Amino acid sequence: MATTGHTVKAFDEDLGELRAFVSEMGGRAEAAINEAVAALIQRNVDAASKVVANDKRIDEIEAEVERLVIRLIALRAPMADDLREVLAALKIAGVIERIGDYAKNIAKRVPVLAEEGRSEAGTLLAAMGKAVEAMVHDVLDAFAARDPQAAAEVWARDKTIDDFYNSLFRTLLTHMMENPHSITAATHLLFIGKNLERIGDHATNIAEMIYYASTGQQLGERTRGADAFAPDAN
Amino acid sequence: MTQQTSNALKMTARGVNVFYGDKQAIQDVSIDVDMDNVTAFIGPSGCGKSTFLRTLNRMNDTVASARVEGQITLDGEDIYSSGMDVVQLRARVGMVFQKPNPFPKSIYENVAYGPRIHGLAASKADMDQVVEKSLRRAGLWEEVKDRLTESGTALSGGQQQRLCIARAIAVDPEVILMDEPCSALDPIATAKIEELIHELRGRYAIVIVTHNMQQAARVSQKTAFFHLGTLIEYGETSEIFTNPRETRTKDYITGRYG
């Protein structure tokens, strides 16, 4: 944790710019999850296509983060916690880009599902979407505050998401067995659930990076939600 | 402060205090220097790193007001004991300074001087061999072999510094102390010295004082951080520069000091 600023003020400005980029990316990814899940629940194809279009900006910011990190390493030669933070920012930007892709993938499935009827799986997905979005939000707050404890707290929440996914899996499996006509829709919904579950995993990865960047120590092995259906789920 | 023990332990310092008159420059420093690693001393100006370096071959003896307390050993032998021959000690623990300081003599004589006064060469042929071997080890031979009779002071700064290293090597030392050996050199000459340090590692125990933290990171395996005359942290260079334990070390190496 930085106690004072750097003697070279421009270094602090560069680090500030880097944090701002990562926070903006994170904010956009968070919004993408929210809007993708809302578009799904409301079967709103227009809103979904907007999520797909907005993902470009997330990709652009990732490229800017990469450029800035290379410049920072080349010109400022960061050391110790500065070095860990700069590398963490680069890795976090990569992970947020993936989160954006998952949100985009959810949005892309909305037009197919718009033809289908609603199911109670939607209620589960809405709740799961909220939980995942909150994880991404809170982990980014931890990043902005460079708060390893807040990061560890988000990290511990991933089990909830795994439990959501397992309930969804069981619900959709029952649907498919009872009504084979629902298989197409149910499969898409299952993939959407899996996307949200992956976003949760990525949020925990970000939490690990924040923890390492600010303490120099790794978080331990995470306890995962029991998954009776996929033996090597990650 | 953790003390790293090594099976190739060369020098040890225990509870070392240094005073200039009644001003204490070094407080209770204990450190081990081993053969296998290059040890870097870093810290802000006036932190005592050069003063401490100079205690390792009793260079502080030349400063009238300086007084050293505590114990410093070379191969287990107390270098401040009354039986220690200081001239012999400085042959065993050589030193390279910030500004290259070749003698105003020929390149050959610069290197031959030490072996001659220490009686290390029996004949002209012997001496020729010592001079060539030293210049080769200092990475200078190819550049000067055809002009050994020219003055050492006519060489470029980087070459002069390598000549000084050759001069230190010529008396077959066990430890080489370097006090900011590159601070007067351009980046290419600096890189050559750093490469040389890398090649000399293992053959001699090397201790380098540097203001350039990137240099400490590049050339050393162990780093000691000094602040206000005390040793704040001593450990693996890779740890010091990625995950220092002490806040003062971190503030210094990340550029937040002061």
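Remarks
- Qualifying residue in the range A:120-137 (condition: open to solvent by less than 40 Å² (accessible area, probe 1.4 Å) and β-branched (V, I, T)): yes
- Every residue from the range A:190-209 that is aliphatic (A, V, I, L, M) and open to solvent by less than 10 Å² (accessible area, probe 1.4 Å): A:I192, A:L196, A:I199, A:A203, A:I206, A:A207
- Checking each residue in the range B:159-184 for being surrounded by fewer than 24 Cβ atoms within 10 Å (Cβ to Cβ) and either of a type in the set (S, T, Y) or without any contact (Cβ under 8 Å) to a residue 40 or more places away in the chain (or both) picks out B:Q159, B:S183.
- Considering only residues in the range B:237-258 that are touching a residue at least 60 places away in the same chain (Cβ under 8 Å) and under 16 Å from A:M79 (Cα atoms), the one that is surrounded by the fewest Cβ atoms within 10 Å (Cβ to Cβ) turns out to be B:Y257.
- Residues that are within 17 Å of A:A213 (Cα to Cα), out of contact with any Leu (no Cβ under 8 Å at 6 or more places or on another chain) and more than 14 Å from chain B (Cβ to nearest Cβ) do not occur anywhere in the range A:63-78.
- Just one of the listed residues (B:K145, B:K99) is touching a residue at least 12 places away in the same chain (Cβ under 8 Å), open to solvent by 20 Å² or more (accessible area, probe 1.4 Å) and within 19 Å of B:I197 (Cα to Cα), namely B:K99.
- In the range B:16-55, residue farthest from B:R248 (Cα to Cα) [restricted to those that are hydroxyl-bearing (S, T, Y) and more than 14 Å from the chain's Cα centre (by Cα)]: B:Y20
- Taking the conditions (1) in contact with a Leu (Cβ under 7 Å, 6 or more places away or on another chain); (2) under 13 Å from B:T39 (Cα atoms); (3) within 14 Å of another protein chain (Cβ to nearest Cβ) in turn, B:A224 satisfies each one other than (3).
- Scanning the range B:211-221 for residues that are aliphatic (A, V, I, L, M) and either more than 11 Å from chain A (Cβ to nearest Cβ) or farther than 10 Å from B:G43 by Cα (or both) gives B:A216, B:A217, B:V219.
- Filter pass, B:I208 being within 13 Å of chain A (Cβ to nearest Cβ), in contact with a Pro (Cβ under 8 Å, 6 or more places away or on another chain) and either surrounded by 17 or more Cβ atoms within 10 Å (Cβ to Cβ) or among the basic types (K, R) (or both): no
- Test: residue in the range A:29-40 that is under 30 Å from B:Q215 (Cα atoms), assigned to a helix (DSSP H, G or I) and more than 13 Å from chain B (Cβ to nearest Cβ): no
- Count of the range B:25-48 residues which are out of contact with any helix residue (DSSP H, G or I) (no Cβ under 7 Å at 6 or more places or on another chain) and at pLDDT 95 or above: 7
- For the range A:41-82, a residue qualifies if it is within 30 Å of B:G255 (Cβ to Cβ), assigned to a helix (DSSP H, G or I) and aliphatic (A, V, I, L, M), and the qualifying residues are A:I61, A:A63, A:V65, A:L68, A:V69, A:I70, A:L72, A:I73, A:A74, A:L75, A:A80.
- A:L90 free of Cβ contacts under 8 Å to residues at least 12 places away in the same chain, under 24 Å from A:V154 (Cβ atoms) and open to solvent by 20 Å² or more (accessible area, probe 1.4 Å): no
- If you check A:L40, A:L113, A:L90 for being farther than 21 Å from A:T187 by Cα and of a type outside the set (D, E), only one passes: A:L90.
- Residues that are within 14 Å of chain B (Cβ to nearest Cβ) and open to solvent by 40 Å² or more (accessible area, probe 1.4 Å) within the range A:6-28 comprise A:T7, A:V8, A:K9, A:D12, A:E13, listed in sequence order.
- Residue tally, condition at the interface with another protein chain (Cβ under 7 Å from one of its Cβ atoms), among the polar types (S, T, N, Q) and under 26 Å from B:E199 (Cβ atoms), over the range B:227-258: 1
- Within the range A:83-95, one or more residues are within 14 Å of chain B (Cβ to nearest Cβ), acidic (D, E) and assigned to a helix (DSSP H, G or I).
The values are calculated or read from the model by the stated rules, or taken from the named source; none is laboratory data. In this text the structure is predicted, and so the values were computed from the model without any measurement. Neighbour counts run over all protein chains shown; Cβ positions are idealised from the backbone, glycine included. Ligands, DNA and RNA are excluded from the accessible area calculation, which covers all protein heavy atoms including side chains. Shrake-Rupley method; radii C 1.70, N 1.55, O 1.52, S 1.80 Å.
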